[in-house]
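Notes for the one structure printed next.
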Amino acid sequence: MAVHTSTFHISTRGMCDIHDITHQIEKDLQSTGLHAGILCVFVPGSTAGITSIEFEPGAVNDLKKAIEKLAPTNIHYDHDARWGDGNGFSHVRAALLGSSFSVPFSQGRMLLGTWQQVVLVDFDNRSRKREVVVQIFGE
């Protein structure tokens, strides 16, 4: 059994900016030479999340609309009252989505569905340079 950890960075615009990171994760997996196991994708911080979706404009827009309904940008957040940074909604959104996503792999390939991609969603109210951590456990 082996464990490999790698990182990469993505510049984001915030405000529910969604990036397909599947290709980079596949590249990281293939560089390990591992054949079977599980990988975990993680974004450090409390205003971004990782999930999977069919990365096409319709589904991406639908996700953005659903997130806006769950944690609207235009309501009072106690976090904003305490810190004054105006990003209370981004903390709630990130908590709902989660900061990591796990994917099994076999024969050196992630076992994603045909139309399933792994995405990073930046909820903050400003541009960021996000670090993404990929940890791969396998043989």
Subset of region 1-24 (residues that are outside any strand (DSSP E or B) and more than 29 Å from residue 69 (Cβ to Cβ)): 1, 23, 24
Scan 98, 84, 88 and give me the residue that is free of Cβ contacts under 8 Å to residues at least 40 places away in the same chain, among the small types (Gly, Ala, Ser) and under 23 Å from residue 10 (Cα atoms). 88
Scan region 56-72 and give yes if some residue there is polar (S, T, N, Q) and either surrounded by 17 or more Cβ atoms within 10 Å (Cβ to Cβ) or within 29 Å of residue 2 (Cα to Cα) (or both), otherwise no. no
Go through region 30-62 and give me each residue that's in a helix (DSSP H, G or I), in contact with a strand residue (DSSP E or B) (Cβ under 6 Å, 6 or more places away or on another chain) and within 16 Å of residue 116 (Cβ to Cβ). 59, 60
Test residue 129 against the stated conditions and say whether it is on the phi < 0 side of the Ramachandran plot and in contact (Cβ under 8 Å) with a residue 24 or more places away in the chain. yes
Based on what the data block shows, is residue 90 assigned to a strand (DSSP E or B) and either in contact with a strand residue (DSSP E or B) (Cβ under 9 Å, 6 or more places away or on another chain) or surrounded by 15 or more Cβ atoms within 10 Å (Cβ to Cβ) (or both)? no
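Identify all residues within region 63-81 that are assigned to a helix (DSSP H, G or I) and without any contact (Cβ under 8 Å) to a residue 40 or more places away in the chain; write none if there are none.
Passing the criteria: 65, 66, 69, 70, 78, 79, 80, 81.
Taking the conditions exactly as written (at pLDDT 95 or above and under 21 Å from residue 130 (Cβ atoms)), does residue 38 satisfy them or not? I'd like the intermediate steps shown before the answer.
Details: at pLDDT 95 or above: yes; under 21 Å from residue 130 (Cβ atoms): no.
Answer is no for this residue.
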Given the conditions (1) among the small types (Gly, Ala, Ser); (2) surrounded by fewer than 18 Cβ atoms within 10 Å (Cβ to Cβ); (3) in contact with a helix residue (DSSP H, G or I) (Cβ under 6 Å, 6 or more places away or on another chain); (4) in contact (Cβ under 8 Å) with a residue 40 or more places away in the chain, and given that residue 106 satisfies all but one, which numbered condition is not satisfied? (3)
What tally of residues in region 10-32 results from selecting those that are within 22 Å of residue 109 (Cα to Cα) and in contact (Cβ under 8 Å) with a residue 12 or more places away in the chain? 12
Could you run through region 109-124 and say how many residues are assigned to a loop (DSSP other than H, G, I, E, B) and of a type outside the set (Asp, Glu)? 7
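The values are calculated or read from the model by the stated rules, or taken from the named source; none is laboratory data. This is a predicted model, so every value here is computed, not measured. Using ideal geometry, Cβ is built from the backbone for each residue, glycine included, and neighbour counts are taken over all protein chains shown.
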